[in-house]
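Please read the structure below before turning to the comments.
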C-alpha cells in the first residue's frame, strides 16, 4: 500500500463470489476480500467468476450471488458496488453460450471479459473477436501477460487492438508481484498503448492472489505519470457505460 490511498477505483476483473470457482470458498472469505478491495481504493467491482461452458445455471447463480453480496455489504457498511460478470474462457462453447445469452457481460455493458489459453495464436483471437463482435459484444482480453505466445510475438496484439480489442492487465503483474517477466511485458504494453484497463484479478484477501491495486497504480504512474489513473477509473467507466473509447495508435515493438 502507498502512503496515500487513491480511492474511487473500478475493478473489472475479480473473483469475489463464494463457491463458484477458485476464488473464495465461503461468504466469510468473500467479505474479507470485499474489505480488502475497499482498503485498496476500489468502490466498484465486477464479480467475474470463471465460465467454461454455456450452462444457464452459472448465469443464474452469479446473478443471485451478486444480489446477495450487495445486500450483505450494505448491511455491513462495506462501501462496494458489485456488478455481475464472468471471465469467459474461449472454447467451442463460447459463441453458442453468448448467442443463447447464457453468459454475462460486465455489468449492463456489451463488453465481455475473455480469457484465452497460454498458447493461443493471434489468428484464433482475431477470429473470435470478429465472431463475438458480430453478436454485438466488445471484447476485453483478460491478462494478456499470461499468453506465452505474446512473449515470442510482441506485436501480435497490434492489429487486434487496431480493430477494437481492449486488453486488461493485472495490477499485481504491473507491480512486479507476479515476476519480473510479466512486469516487463505489462510495462511494454502500457508504453505502446496496448493496455487499456488495470484490474485486480483477485481471488483472495491475502496471499499471492490478493488485490494489489495501489501497488499497480503506483507502478503504472512511474511509467505513465498521472495518466495512469485513467486505466483504473475513467476507462473502466466508459466500458461500463458503453461509450466510445479514445483512439490511441498502438506502437510496434522495436524487436525484430
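The numbers here are math on the coordinates, done by the rules we state, and not lab data. Just so it is clear, the structure is predicted and the values come from calculations on it, not from any experiment. Cβ atoms come from the backbone with ideal geometry, glycine included; neighbour counts cover every protein chain shown.
Each of 50, 74, 143 has some number of other Cβ atoms within 10 Å of its Cβ, and from fewest to most they run 74, 50, 143.
Counted by neighbouring Cβ atoms within 10 Å, the residues 200, 126, 109 run from fewest to most as 126, 109, 200. The Cα center of the range 1-42 and the Cα center of the range 148-177 differ in position by 24 Å.
Considering all different alpha carbon pairs of the range 9-241, the Kirkwood hydrodynamic radius works out to 17.5 Å.
Quote the Stokes-Einstein diffusion coefficient, in whole µm² s⁻¹, for the range 40-111, based on the Kirkwood radius over alpha carbon pairs, a temperature of 25 °C and a viscosity of 0.890 mPa s. The partial results should precede the final answer.
Details: Rh = 12.9 Å.
Using the Kirkwood radius from Cα pairs, D works out to 191 µm²/s.
Round to the nearest 0.05 the FRET efficiency obtained for residue 245 and residue 60 when R0 = 45 Å and r is the Cβ-Cβ distance. Walk me through the intermediate numbers first.
Numbers: r = 31 Å, r/R0 = 0.69.
Result of the calculation: an efficiency of 0.90.
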